[in-house]
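Before any comments, here is the structure.
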Amino acid sequence: MKRTAIVALAILLAGCTHHLMLVGRTSGAVGSAEVTTAGNHSGPITITLAGKTYTGQWVYAPQGGSVGFGSASAFSGNQSAAAFASFAGIPTSGPGSIIAGAPDGSALRCVFNYSENGQTGIGSCQDNKGEIYDLQIN
């Protein structure tokens, strides 16, 4: 179990770079961003969208996870076998949001669901003029 915890911690601390893609549902405007999590569940973000640069914060609220132990024994005549297993679950998915603004007063708000297992997410964003953007994270 100690080894599992160390491996999980090393993975979280190594950090992952995620690429975000936004596409406007009516305008077709395309945007992108890149964030490195470094084991954090929040941080700064810069999004380039339709010729504007939005800066702000992202946050992800992981949910789930568990810790468990189990054992099994089998007997047959003079023979016996035993097994013991343990696991430490880590959060596997959860909701997140992005709030960002541009120097001209434009604002962008996003909500998404993210899966740590697949390191992907989907969601949507809306600017302060009402345009909705589909959001993909990979």
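The values are calculated or read from the model by the stated rules, or taken from the named source; none is laboratory data. Given the structure is predicted, the values throughout are model-derived calculations rather than measurements. No Cβ is skipped: glycine too gets one built from the backbone with ideal geometry, and neighbour counts run over all protein chains shown.
A few points about this structure:
- When residue 12 is tested against (1) surrounded by 14 or more Cβ atoms within 10 Å (Cβ to Cβ); (2) at pLDDT 95 or above; (3) out of contact with any strand residue (DSSP E or B) (no Cβ under 6 Å at 6 or more places or on another chain), just one condition goes unmet, and that condition is (2).
- Selection from segment 112-134 of residues that are under 20 Å from residue 50 (Cβ atoms) and surrounded by fewer than 16 Cβ atoms within 10 Å (Cβ to Cβ): 124, 126, 128, 129, 130, 132, 134
- Any hit, segment 81-89, residues being among the polar types (S, T, N, Q), in a strand (DSSP E or B) and at pLDDT 60 or above: no
- Residues that are more than 13 Å from the chain's Cα centre (by Cα) and in a strand (DSSP E or B), drawn from segment 35-65: 44, 45, 46, 47, 48, 49, 52, 53, 54, 55, 56, 57
- Positions within segment 15-41 being loosely packed, with under 13 Cβ neighbours inside 10 Å, within 22 Å of residue 101 (Cβ to Cβ) and not polar (S, T, N, Q), in sequence order: 19, 25, 34
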